[in-house]
Amino acid sequence: MKRSNVDLVIIGGGPAGLAAALKAKEQGTEKVLILERNIELGGILQQCIHDGFGIHRFNKRLSGNQYAQLFIDAVAQKDIAVKLDTMVLEIRADKTVYACNKREGMLELKAKAVILAMGCRERTASQVLIHGDRPAGVLTAGAVQRYINMEGYLPGSRAVILGSGDIGLIMARRMTLEGMAVEGVYEVMPNPGGLTRNLVQCLDDFEIPLHLSTTVTAVHGRKRVEAVTVAGVNRAMKPIPGTERRIECDLLVPAVGLIPENELSRAAGVEMDPRTGGPLLDENFMTSVPGIFAAGNVAVVFDLVDYVSESGEIAAAGAVHYIAGRLEQKKSDRPVKAGDNISFVVPQRLGKECGETTFYARVKDPAKVATLSCCSGEELIFKKRCRYLAPPEMLTFTTDASGTGALTVAVTKGAGKR
Amino acid sequence: MEKIKKALKKAFPEVELSLHLDERAILTLAGECSSWQQVVAMGHKAAGLPGVKNVVNELRVPGLPVPQMDYRSLCSRGKKRGVVADVDVLIIGAGITGCGIARELAKYKLDILVVEMSGDVATGATKANNGNIHPGHAEKPGTLKARLNVEGNRLYTRWSEELNFTLKRCGAMGFITSTLLWPALLYGYRKALKNGVEGVQLVGGRRAVELEPGLERSGIAPRVKGAMWLPSMALVEPYQVAVALAENAAENGAEFRFNCPVADILTEKGKVAGAVTAKGIIRSKVIINCAGVYADEISAMAGDKSFTIHPRKGVIAILDQAQSPKFDRLTEHITLEAVKQSFKKSHTKGGGMCYTPEKNILMGPSALEIPDKGDLSTSARELAYALGRGDEAISYRSIIRFFAGNRAADYSEDFIIEMSPVTKGFINVAAIQSPGLAAAPAIAGKVEGILAKAAEKEGHPLQKNPRWNPLRPQKPEFRHLSREEQDALIQQNPHYGRIVCRCETITEGEILDALRSPVPPASIDAIKRRTRAGMGRCQGGFCQPRVLELLAKERGEDWTKITLKGEGSPVLLKANRPRAGKKAER
């Protein structure tokens, strides 16, 4: 077994991991190693050939793979070790990492700090309780995207998409452009799940109908999909008997949510936040296990890759502090609470002297005109007027959150008077 | 006959019945019923009457079609191809029953051919059950099921050692928290003794807690008054057993032909001559009918119409491995409710919560009588029933997958294992529902005995195959090895260094082993059954493209030809790019 010592091990070479590696290197970390299970860096971005990436960070409209390539090229120019086609099997609380690949066999790496950047997996049709038969022709949006964009195959000719999150919307357009018929997008919630610009550019522009408060209840076809049954749902998201309709199709694409891939994290003893599906984080994006950090979609599902890269940089800066021993005395025990109309906030806890801290949050309900505020104890430390807030559009702000009290992040209706 | 007519008229006064009882005491029912449930209820009632050996149920529900396979077109297709093989033994069906028989018969100098309608072994009820090797205590004493269950359970140890599949001898326990229920335990214990169940014991509370650490962990320990302890209960991955049996049979010369449904049985002067399959005519003097839900139809083709299979659908849910089983054994709390249920004379089998050797919890199965043998659909209602069959409410959020299978039940609800008295050389191994998996070694042994006896009688006793090798080599299971062992394995063969299925930690090496095995998988699900790739929480979201690529490469097939589960189920419909599927050389 190959045993080695590394300063910083980064698990995942997608946008979070790449940004983290560059930041750590820039701040002087000597031995930085990225472990990536795919045969190339870039993570999920490699199959995102649509544009819209990098508007905030680079002021450009790049495709996913173009965005990734900027970071991949930068990594190649630095002394950053990369192991491709390498799967991490275990992370221990003492920051020992086990990974393996064909060329080297089993690797035992002892790291001073670890950054978790494993991203997400997709929720499956079984998990949203779609009944009926189990034929070929049921593929999650990401899997369809991979087959079409990376491998060059069409997995169907007439598709029904369940889920109006960004991935579902993007695939509605992609499948249409590739010559498939997209019968419609069905969304169980009363509001669409993706960014407004995607609703316009993927559905409206291609005249693909969106059916809200409707779900797919069953698939039909013993060998390949022949049809699906859709039904209207009530406020409790339960199908309403009598509203069922049969739709002929040969591909059902569940685009029903991303689940942060934290199996390795859990096994390492990292405490999780059920609201984000990711680890409980402090202002350095460090988890409950000292020296283990998290960034990107494994921490919380982002919608903009620009923020993913930013989170990677935050985690890397934290890891650098940690390796230098500067986080020894710090205790991050000030809770950050999700106040009015906020479903979650990351980070979930802060130290007293956290300084300039970047927060990411989502609203529960849409709001046309609202005020985003952050209070430390009784003191208002941040306020911003916002328009057209919706759950799919993540909120972010940076402010000096040093203090002693708990924090509350809230969104209140109206322009606000305080 | 009169008594039978009267009894049925009394129970179902509104049904116009026509009955026929033959010299074998087989009762044929015909007429119209108001519902499928009534059709089945009448069949059960009739089979239970004195003087009735079994029931052929031709009752119909007006307006409810019972789908039939198009045997005629399969037959003409097969006849066109003419005789394609001439063998000593033709086994119809590659489920646990057919594979078990093939494996045992391979020890003789016999030309054995197994034909299977689907694309792989174990695609019927064999892959869709709880994997329980029951102790045999729950079967009605005196039935063939009971006897073969107990015998089979014992023989599993040897099978698992010789064939290298995982057998987890976990034991089972039914515990009580109220002394009022001692009589229930006593009743179960006496039944178990009658059936000859090995090692069954009644134990007190303290011993029960010793045997089942889960009782302490879940805080029930102080309330446990006693239990029935069944050390012989074991767990397997049932498709793994079938694959192991098939591979060993194939290694010893048995041939397997897939996508080969039987459309007719050929007889000459009351003796078996062969079978017409969709892929051609196969001549054989011995045919062993292990056709699962279709066994009655095959038997009828051979001129022996003496039973009817009424499929009983069961839905099972698999939970995420993160949801650890509450108990170390298969342990059930015997409550008053549970006792009431067991007296309801339901034919359903299976405890509510169970787990697999890989530590996934299984919930179910449910039980629903259906007219369509090919209907494997699930429904919200059936799933709710499956999830409800446990001690506490299981969150739907732990579910990673649910599926259905159809039990091949006849109306006597017992096994039919016999040389057909109507057609010589035709051996029925039919109506194998639970405990078919547990009984499999004993069923195979019994069929071996039937064949040996018949051969003896003919003057041509079976000759042993001197080159028979009962052992199937152990294949590496990367996920169960230590880090050092994993390293050594990769050094030996780098293919084990690439993890293809992340959720279950399945390596490329294991997938290649399966692709190069004696009964190679031809579809994605076939690989899943052999390796576990795709069985995890992401359900193939990550690994399916990689598995597809390996399958296409190994079989030299275009990606668009690769199926999920056999003919008619391609994953990809067309290539959209000139360089589709071509990647940098790995």
Original post:
With the dipole of the stretch A:127-254 worked out from charges on the C-beta (+1 for Lys and Arg, -1 for Asp and Glu) around the Cα centre, which of A:219, A:251, A:167 lies farthest toward the positive end?
Top reply: A:219
Subject >> Cα-based radius of gyration of the stretch B:448-586 once divided by 2.2 N^0.38 Å, which approximates compact folds >> reply: 1.40
Subject >> Accessible area (Å², 1.4 Å probe, nearest 10) - residue B:137 >> reply: 50
Original post:
Once Lys and Arg get +1 and Asp and Glu get -1 on their Cβ, which of B:222, B:112, B:55 lies farthest toward the positive end of the dipole of chain B?
Top reply: B:222
**OP:** Figure the gain on full extension for residue A:245 and residue A:58 (residue separation times 0.36 nm, minus the Cα-Cα span) and round it to one decimal in nm.
**Re:** 62.7 nm
Original post:
What residues have an amide H closer than 5 Å to that of residue B:114, excluding those fewer than 5 places away on the same chain, when H is modeled at 1.01 Å from N in the peptide plane?
Top reply: B:91, B:255, B:256, B:257
Subject >> Antiparallel bridge percentage (DSSP; both residues within the protein assembly as shown; nearest 5) >> reply: 65
Original post:
Mean 1/r over all different Cα pairs, inverted: what Kirkwood radius does the stretch B:1-128 give, in Å?
Top reply: 18.2
**OP:** Residues in the stretch A:85-107, backbone N under 16 Å from the label point at residue A:328 (7 Å along the Cα-to-beta-carbon vector): list them, ranges by number please.
**Re:** none
Original post:
How high is the relative contact order of the stretch A:90-226, given as a whole-number percent (alpha carbon pairs under 8 Å, six or more residues apart)?
Top reply: 23
Original post:
Rounded to the nearest 5, what is the percent of antiparallel bridges among the DSSP beta bridges in chain B?
Top reply: 65
Subject >> Estimated distance in nm for a label pair at residue B:468 and residue A:380, the labels positioned 7 Å out from Cα along Cα-to-Cβ >> reply: 8.8
**OP:** Place a +1 charge on the Cβ of each Lys and Arg in the stretch B:164-243 and a -1 charge on the Cβ of each Asp and Glu, then give the dipole magnitude about the Cα centre in debye, rounded to the nearest 20.
**Re:** 260
**OP:** Starting from the eigenvalues of the Cα gyration tensor, five times each then square-rooted, give me the equivalent ellipsoid semi-axes of the protein assembly as shown, largest first, whole Å.
**Re:** 55, 31, 30
Subject >> Average Cα contact separation per residue, chain B, under 8 Å, 6 or more apart, as relative contact order % >> reply: 17
Subject >> Carbon and sulfur %, accessible surface of the stretch B:364-512 computed with the full protein complex present, 1.4 Å >> reply: 52
**OP:** For every helix of n ≥ 4 consecutive DSSP H residues, a contribution of -39,500 (n - 2.57) applies; sum these over chain B, divide by its total residues, and give [θ] at 222 nm rounded to the nearest 500 deg cm²/dmol.
**Re:** -9500 deg cm²/dmol
**OP:** Before rounding to the nearest 500, sum -39500 (n - 2.57) across all DSSP H runs of length at least 4 in chain A and divide by the residue total; then give [θ] at 222 nm in deg cm²/dmol.
**Re:** -5000 deg cm²/dmol
Original post:
To the nearest whole number, what is the average tally of beta carbon atoms from other chains within 10 Å of the beta carbons of peptide A:77-90?
Top reply: 2
Original post:
Are there any helices in chain B, counted as whole DSSP H runs, that stretch 18 Å or more along their axis by Cα and score at least 0.0 on average by Kyte-Doolittle, and if so which?
Top reply: B:238-251, B:436-458
Subject >> Interface burial for B against A (accessible surface, 1.4 Å probe, total of both chains, Å², rounded to 100) >> reply: 4900
Original post:
Under a point-charge model restricted to the Cβ atoms of Lys and Arg (+1) and Asp and Glu (-1), what is the dipole moment magnitude of the stretch A:56-185 relative to its Cα centre, in debye to the nearest 20?
Top reply: 320
Original post:
Which order do B:104, A:248 take when ranked by solvent-accessible area (1.4 Å probe, heavy atoms of all protein chains), largest first?
Top reply: A:248, B:104
Subject >> Charge dipole of chain A about the Cα centre (unit charges at C-beta), most positive-ward option of A:336, A:132, A:395 >> reply: A:336
Original post:
Are there trypsin sites (Lys or Arg not before Pro) in the stretch B:424-488 that DSSP puts in a loop and that have at most 10 other Cβ atoms within 10 Å, and which ones?
Top reply: B:467
Subject >> Extension gain from residue B:337 to residue B:384, taking 0.36 nm per residue of separation minus the Cα-Cα distance >> reply: 15.1 nm
Original post:
Which FRET efficiency, nearest 0.05, do residue B:30 and residue B:77 yield, Cβ-Cβ r, R0 41 Å?
Top reply: 0.85
Original post:
For residue A:195, what charge total do you get from the other residues with a beta carbon under 9 Å from its beta carbon, if Lys and Arg give +1 and Asp and Glu give -1?
Top reply: -2
Original post:
In Å², what does the accessible area per residue of the stretch A:171-244 work out to with a 1.4 Å probe?
Top reply: 47
Original post:
Accessible area drop of at least 10 Å² (1.4 Å probe, protein heavy atoms): which residues of the stretch A:100-114 qualify, relative to the chain alone?
Top reply: A:100, A:101, A:102, A:104, A:105, A:106
**OP:** Would you tally the net charge around residue A:267, using a Cβ to Cβ cut-off of less than 9 Å, leaving residue A:267 out, and scoring K and R as +1, D and E as -1?
**Re:** 0
**OP:** Normalising by the residue count of the stretch B:145-242, find the relative contact order in percent from Cα pairs under 8 Å and 6+ residues apart.
**Re:** 42
**OP:** Could you pull the accessible area for residue A:244 with a 1.4 Å probe, rounded to 10 Å²?
**Re:** 100
Subject >> Residue-span extension gain [residue A:191 to residue A:406] - 0.36 nm each, minus C-alpha spacing >> reply: 74.2 nm
Original post:
How much space per residue, in cubic angstrom, does the convex hull of the C-alpha atoms of chain B take up?
Top reply: 176
Original post:
Net charge near residue A:169, counting Lys/Arg +1 and Asp/Glu -1 over other residues with Cβ under 13 Å of its Cβ?
Top reply: -2
Original post:
According to a simple spin-label model (label point 7 Å from Cα along Cα-to-Cβ), what is the distance in nm between residue A:222 and residue B:577?
Top reply: 3.7
Original post:
Expressed as a whole percent, how much of the Cα-Cα distance distribution for the stretch A:15-72 exceeds 13 Å?
Top reply: 62
**OP:** Over the stretch B:480-574, average the accessible area per residue using a 1.4 Å probe and give it in Å², no decimals.
**Re:** 35
Original post:
Given a Förster distance of 45 angstrom, what is the FRET efficiency for residue B:484 paired with residue B:268, based on the Cβ-Cβ distance and rounded to 0.05?
Top reply: 0.10
**OP:** Could you please state, rounded to a whole Å, how far the C-alpha centre of the stretch B:96-118 is from the C-alpha centre of the stretch B:386-437?
**Re:** 21
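The values are calculated or read from the model by the stated rules, or taken from the named source; none is laboratory data. From a predicted model like this one, the values you see are computed outputs, not experimental measurements. For neighbour counting, all protein chains shown are included, and Cβ atoms are generated from backbone atoms with ideal geometry for every residue, glycine included. Side chains included, ligands, DNA and RNA excluded: accessible areas come from the protein's heavy atoms. Shrake-Rupley method; radii C 1.70, N 1.55, O 1.52, S 1.80 Å.
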